[in-house]
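Asks: Got a structure here, written out as structure tokens. Questions coming.
The values are calculated or read from the model by the stated rules, or taken from the named source; none is laboratory data. None of the values given here were measured: they were computed from a predicted structure. Please note: Cβ atoms are built from the backbone with ideal geometry, for glycine as well, and neighbour counts cover all protein chains shown. These accessible areas exclude ligands, DNA and RNA; they are computed on the full protein's heavy atoms, side chains included. Shrake-Rupley method; radii C 1.70, N 1.55, O 1.52, S 1.80 Å.
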Amino acid sequence: GQSLEQPSEVTAVEGAIVQINCTYQTSGFYGLSWYQQHDGGAPTFLSYNALDGLEETGRFSSFLSRSDSYGYLLLQELQMKDSASYFCAVSFVSGYSTLTFGKGTMLLVSP
Amino acid sequence: SAVISQKPSRDICQRGTSLTIQCQVDSQVTMMFWYRQQPGQSLTLIATANQGSEATYESGFVIDKFPISRPNLTFSTLTVSNMSPEDSSIYLCSATRQGADYSEQFFGPGTRLTVL
């Protein structure tokens, strides 16, 4: 089967940097995605890593190490509006085109 | 960017009844999916809605309970049949834009269902 582990909650202050980790155990791993969901809102896509290394998109970066079955989402220059839940999700090799989501990490940004 | 709308946004239903949720995308997409999410919990995939053919259901979900239609590239419905209080949840539709990887999904606002 598949399993993903991420912290349930992370707290930080405005302007800081925070890293949300995700470890996975799955067969046929293809890539790791990150989604943001504000309370009461729809999940929104943030980033996707299929290859090892760092992908940067503005204040957000995502990293993947396939050999360690590990990835993280890095949020820089935190703002109050970044308070949300963040989900990692794994995708599998072609032929099984679905995502399996982790349980989510609630990020609380304080002034 | 493409937008997904869902109807109804919320509903309160009686045990034993059925509810059909509609999902409309404003542009053609390749894949459409239906998820269930309890407040504060993760997203659980119910099924992939296939255009013109039967949906592909995940383990634990069956067609008799969650019949799905997708008559064209921009529209899908999910029916929650013979409802019980355990079906109370948020139901989300998602899609993948043409040319994008299926890992990049965009979501509708969800339908909040309460079963009494």
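Asks: Would you kindly derive the ³J(HN,Hα) couplings of the range B:79-85 from the backbone phi angles with the Karplus curve 6.51 cos²θ - 1.76 cosθ + 1.60 (θ = phi - 60°), listing them in order in whole Hz, with x for Gly and Pro?
Replies: Couplings: 10, 9, 9, 6, 5, 10, x Hz.
Asks: Quick one: 3J(HN,Hα) in Hz for the range B:6-21, Karplus 6.51/-1.76/1.60 with θ = phi - 60°, rounded, Gly and Pro as x.
Replies: Rounded to whole hertz, the list is 10, 9, x, 6, 7, 7, 10, 10, 8, 3, x, 8, 10, 10, 10, 9.
Asks: Residues with beta-carbon under 10 Å from that of residue A:107, excluding residue A:107: net charge, scoring Lys, Arg +1 and Asp, Glu -1?
Replies: On the way: positive: none; negative: A:9, A:82.
Net local charge, residue A:107 excluded: -2.
Asks: What is the magnitude of the charge dipole of the range B:13-112 about its Cα centre, with +1 placed on the Cβ of each Lys and Arg, -1 on the Cβ of each Asp and Glu, and no other charges, expressed in debye to the nearest 20?
Replies: Values: 6 positive and 8 negative charges, 43 e Å.
About 200 debye.
Asks: Suppose we compare each residue of the range B:81-110 in its chain alone and in the full protein complex with a 1.4 Å probe; which ones drop by at least 30 Å² of accessible area?
Replies: At a threshold of 30 Å² (probe 1.4 Å), the residues of the range B:81-110 that become less exposed are B:101, B:102, B:103, B:104, B:105, B:107.
Asks: Using the Karplus curve 6.51 cos²θ - 1.76 cosθ + 1.60 with θ = phi - 60°, what ³J(HN,Hα) values do you get for each residue of the range B:26-39, in whole Hz, with x for Gly and Pro?
Replies: 8, 8, 5, 10, 8, 10, 10, 9, 10, 10, 10, 9, 6, x
Asks: Let me have the relative contact order for chain B, percent, based on Cα pairs under 8 Å that are six or more residues apart.
Replies: RCO, chain B: 36 percent.
Asks: Can I ask one more? Choose one of B:52, B:72, B:89: the residue whose Cα lies farthest towards the positive end of the charge dipole of the range B:51-116 (beta-carbon charges +1 Lys, Arg; -1 Asp, Glu; about the Cα centre).
Replies: B:72
Asks: Here's a follow-up. Label chain A by shape, choosing from rounded, prolate and oblate, from the square roots a ≥ b ≥ c of the eigenvalues of the Cα gyration tensor; if a/c is under 1.5 it is rounded, and otherwise prolate applies when a/b is larger than b/c, oblate when it is not. It would help to have the intermediate numbers written out before the result.
Replies: Working: a/c = 2.02, a/b = 1.69, b/c = 1.19.
It is prolate, given that a/c is not under 1.5 and a/b is the larger ratio.
Asks: Normalise the Cα radius of gyration of chain B by 2.2 N^0.38 Å (N = residues in it) and let me know the number. Don't jump to the answer; show the numbers that get you there.
Replies: On the way: Rg = 13.3 Å, N = 116, 2.2 N^0.38 = 13.4 Å.
Relative to the 2.2 N^0.38 Å estimate, chain B comes out at 1.00.
Asks: Tell me the net charge near residue B:45. Cut-off is 12 Å between Cβ atoms, residue B:45 excluded, with +1 for each Lys or Arg and -1 for each Asp or Glu. Let's see the in-between values first.
Replies: Working: positive: B:36; negative: B:58.
That works out to 0.
Asks: Just in the range B:22-116: which GluC sites (Glu not before Pro) are loop by DSSP and have at most 13 other Cβ atoms within 10 Å?
Replies: Working: sites: B:54, B:58, B:86, B:104; in loops: B:54, B:58, B:104.
Filter output for the range B:22-116: B:54.
Asks: With a cut-off of at most 15 other beta carbons within 10 Å, and DSSP calling the residue loop, which GluC sites (Glu not before Pro) in the range A:10-111 qualify? Please list them. Don't skip to the answer; put the middle values down first.
Replies: Values: sites: A:14, A:55, A:56, A:77; in loops: A:14, A:77.
Taking the range A:10-111 and a limit of 15 other Cβ atoms within 10 Å, the loop GluC sites (Glu not before Pro) found are A:14, A:77.
Asks: Moving to a separate point now. Name the residues whose placed amide hydrogens come within less than 5 Å of the amide hydrogen of residue A:107, ignoring near sequence neighbours (fewer than 5 apart) on the same chain.
Replies: Close amide H contacts, sequence-distant or interchain: A:10, A:84, A:85, A:86.
Asks: While we're on this one: What total accessible area, in Å², is buried where chains A and B meet, using a 1.4 Å probe and rounding to the nearest 100? Working shown, then result.
Replies: Values: alone 6070 and 6080 Å², together 10630 Å².
Roughly 1500 Å².
Asks: How would the protein assembly as shown be classified by its alpha-carbon gyration tensor: rounded, prolate or oblate, with rounded meaning a/c under 1.5 and the a/b versus b/c comparison settling the rest?
Replies: Working: a/c = 1.83, a/b = 1.47, b/c = 1.25.
Cα axes put the protein assembly as shown in the prolate bin.
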